[in-house]
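Just below is one structure, and these are the notes that go with it.
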Amino acid sequence: MRTDRILIVDDDDDLRRMLVDYLGVQGHTALGVRSVQQGNEALKSDSFDLVIADLRLEDGSGLELLKALKVSSPKTFGILMTGYATMDTAVEAIRIGLFDYMIKPILPAQLDLVLQRLESLKALQSENQYLRQQQLTESEGNGIIWGKSGLMQDILEMVKKVAQTQATVLIQGESGTGKEVVAHAIVQNSTRANMPFIKVNCAAVPETLLESEFFGHEKGAFTGAVQRREGRFETANGGTLLLDEIAEIPLSLQVKLLRVLQEREFERVGGNKTIRVDVRLIASTNRDLQEEVRQGRFREDLFYRLNVVPINLPPLRLRGDDFQDLAEYYVQHFARKHGKVIQGVSPRGMERLRTYRWPGNVRELQNTLERAVIMTPNEGPVEIPELGLEEKSSAFKGLNVSDQLPTVDEMERRLIGCMLLQTHQNKTRAAEKLGISLRTLRNKLREYRAAGFDTSKPELWVA
């Protein structure tokens with residue numbers, strides 16, 4: 001059960017000790033005090049999931065203690081105990097938002113039932129939060145369009161296979177290629193689909209707060225830590241955690257992340273209680289993590305822990321035949337969103353889209369086409385020229401005699417790189433498509449390695 005810190009406030013010494021001992025046997029951390037003053041002191045020095053207070057105490061009212069608690073710590077649950085039940089007291093307990101109202105004498109079975117109901121309520125609240133988050137994400141229209149290219153079909157098959165496992169996944173690709181939606185696809189097809197899916201953008205959290213964001217903190221752990229807070233690993237327990245832009249994690253925190261991956265346990269900042277979790281990790285980055293390792297900015301042992309199943313998403317400019325399917329899909333998607341009827345993209349507009357380099361990848365394409373749909377008259381085709389896209393020459397088209405042309409060797413290297421990407425680095429298939437022998441392809445790759453090219457990253461040759 002998640003309710004693991006409970007404060008008992010009761011001046012009946014025998015009952016208080018019985019409740020504290022019983023809760024301890026059940027796996028909770030319970031503290032017993034006998035007065036309102038001691039209760040307030042305990043709440044100032046520590047944080048609790050649940051406070052159970054007697055109505056009549058030697059120095060005041062337990063009801064007033066719980067009323068003040070709901071103001072200072074709204075997420076802490078309160079239960080009122082009394083041997084003098086009245087309708088007015090029960091109504092007041094409900095009015096201030098207490099979880100329950102118990103009549104003495106308190107029996108262990110009665111307490112068990114209340115704690116089970118409390119755990120069910122907390123689980124329901126968490127599920128509602130995750131469903132709202134998931135609904136918001138899906139409403140943004142960011143579903144991935146896999147397309148027909150061999151490269152994307154291979155990635156789709158990999159997603160289907162890895163989704164059914166508990167393996168850690170590392171998704172790499174340029175900004176805007178769809179790393180987060182691939183992570184969503186993995187989760188939605190996994191056995192954890194109905195469990196929490198928590199996302200952390202490591203680049204958006206200040207470095208000084210990142211450890212607390214991951215692992216949570218205890219009350220008083222640092223300035224501003226006015227109450228205990230669960231971290232993202234704890235919140236994601238039983239489900240999946242996506243660490244986006246993982247290359248931004250400082251080296252000092254990488255050691256602690258490695259421990260969680262190896263041992264599935266950690267301590268909150270400022271705490272000494274070891275917390276065990278069952279979390280599947282998906283990491284993503286737009287950087288080359290192997291290069292980050294070589295530069296000493298990322299731990300090699302952590303890289304290998306993350307790189308159990310690598311998924312490398314290609315940039316939009318290398319997705320070949322997928323481009324027209326993507327453009328047509330997003331035009332109709334945004335037409336529905338804005339209540340318009342659009343007759344696709346004009347031939348001239350499609351050519352403009354094809355010859356652009358798309359440094360922002362699919363995200364930039366979405367924004368461009370949404371603007372185009374808004375500007376297009378109803379029932380007309382989408383035209384692109386007025387948007388002012390800066391067309392750039394690709395590796396194989398749009399070259400001018402006045403341009404500084406690539407050498408034959410450079411063009412050959414780019415062609416081989418593109419074919420390796422399209423075949424998901426299947427050398428046999430790449431050689432067949434290029435019309436050369438497998439031995440010739442291997443010899444070329446050996447030459448490129450000798451010249452200093454990373455042959456495991458052909459996307460770096462064709463930019």
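Quick rundown of the values:
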{"quantity": "Filter result for the condition that a residue is basic (Lys, Arg) and either open to solvent by 60 Å² or more (accessible area, probe 1.4 Å) or under 23 Å from ARG317 (Cα atoms) (or both), over LYS427, LYS444", "calculated": "LYS427"}
{"quantity": "Filter pass, VAL25 being open to solvent by less than 50 Å² (accessible area, probe 1.4 Å) and either at pLDDT 90 or above or of a type in the set (A, V, I, L, M) (or both)", "calculated": "no"}
{"quantity": "Identity of the residue in the range 335-368, in contact with a Lys or Arg (Cβ under 8 Å, 6 or more places away or on another chain) and under 16 Å from GLU383 (Cα atoms), that ends up modelled with the lowest pLDDT", "calculated": "THR355"}
{"quantity": "Identity of the residue in the range 210-240, aliphatic (A, V, I, L, M) and modelled with pLDDT of 90 or more, that ends up surrounded by the fewest Cβ atoms within 10 Å (Cβ to Cβ)", "calculated": "LEU210"}
{"quantity": "Conditions (1) under 24 Å from LYS75 (Cβ atoms); (2) touching a strand residue (DSSP E or B) at 6+ places or on another chain (Cβ under 6 Å); (3) surrounded by 20 or more Cβ atoms within 10 Å (Cβ to Cβ): number failed by LEU243", "calculated": "(1)"}
{"quantity": "Qualifying residue in the range 38-48 (condition: hydroxyl-bearing (Ser, Thr, Tyr), part of a strand (DSSP E or B) and under 18 Å from HIS217 (Cα atoms))", "calculated": "no"}
{"quantity": "Criterion (outside any helix (DSSP H, G or I), touching a helix residue (DSSP H, G or I) at 6+ places or on another chain (Cβ under 8 Å), over 30 Å from HIS424 (Cα atoms) and small (Gly, Ala, Ser)) met by exactly one of GLY238, GLY224, GLY220", "calculated": "GLY220"}
{"quantity": "Near pairs, Cβ below 7 angstrom, 6+ apart or cross-chain, from the range 408-436 (touching a residue at least 12 places away in the same chain (Cβ under 8 Å)) to any residue that is aromatic (Phe, Trp, Tyr) and open to solvent by 60 Å² or more (accessible area, probe 1.4 Å)", "calculated": "none"}
{"quantity": "Subset of the range 35-51 (residues that are within 20 Å of LEU23 (Cα to Cα) and open to solvent by 70 Å² or more (accessible area, probe 1.4 Å))", "calculated": "GLN38"}
{"quantity": "Whichever residue in the range 162-215 is farther than 18 Å from GLY147 by Cβ and among the basic types (Lys, Arg) and, among such residues, is farthest from the chain's Cα centre (by Cα)", "calculated": "ARG192"}
{"quantity": "Residue within the range 397-417 that is of a type in the set (Gly, Ala, Ser), crowded, with 19+ Cβ neighbours inside 10 Å, modelled with pLDDT of 80 or more and under 16 Å from VAL331 (Cα atoms) present", "calculated": "no"}
{"quantity": "Qualifying positions in the range 158-187 - farther than 23 Å from ARG317 by Cβ and either in contact (Cβ under 8 Å) with a residue 24 or more places away in the chain or among the hydroxyl-bearing types (Ser, Thr, Tyr) (or both)", "calculated": "LYS160, VAL162, ALA163, GLN164, THR165, GLN166, ALA167, THR168, VAL169, HIS184, ILE186, VAL187"}
{"quantity": "Filter result for LEU66 (in a loop (DSSP other than H, G, I, E, B) and either at pLDDT 80 or above or open to solvent by less than 40 Å² (accessible area, probe 1.4 Å) (or both))", "calculated": "no"}
{"quantity": "Residue list for the range 359-373, restricted to those being hydrophobic (A, V, I, L, M, F, W, C) and either within 17 Å of LEU318 (Cα to Cα) or open to solvent by 20 Å² or more (accessible area, probe 1.4 Å) (or both)", "calculated": "VAL362, LEU365"}
{"quantity": "Residue that is nearest to ARG228 (Cα to Cα) [pool: residues in the range 52-62 that are open to solvent by less than 20 Å² (accessible area, probe 1.4 Å) and out of contact with any helix residue (DSSP H, G or I) (no Cβ under 6 Å at 6 or more places or on another chain)]", "calculated": "ILE52"}
{"quantity": "Which listed residue is within 26 Å of ARG229 (Cα to Cα), free of Cβ contacts under 8 Å to residues at least 60 places away in the same chain and surrounded by fewer than 16 Cβ atoms within 10 Å (Cβ to Cβ), from GLY83, GLY97", "calculated": "GLY97"}
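Each row is one residue, and each column tells you yes or no for (1) among the aliphatic types (A, V, I, L, M); (2) farther than 23 Å from GLY220 by Cα; (3) out of contact with any Ser or Thr (no Cβ under 7 Å at 6 or more places or on another chain).
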position: ARG5; (1), (2), (3): no, no, no
position: LEU55; (1), (2), (3): yes, yes, no
position: GLU58; (1), (2), (3): no, yes, no
position: ALA93; (1), (2), (3): yes, yes, yes
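The values are calculated or read from the model by the stated rules, or taken from the named source; none is laboratory data. What you see is a predicted model; the values in this text were computed from it and never measured. Counting neighbours? That spans all protein chains shown, and the Cβs are built from the backbone with ideal geometry, glycine included. Just so you know, the surface numbers come from the protein's heavy atoms only, side chains and all, with ligands and any DNA or RNA stripped out. Shrake-Rupley method; radii C 1.70, N 1.55, O 1.52, S 1.80 Å.
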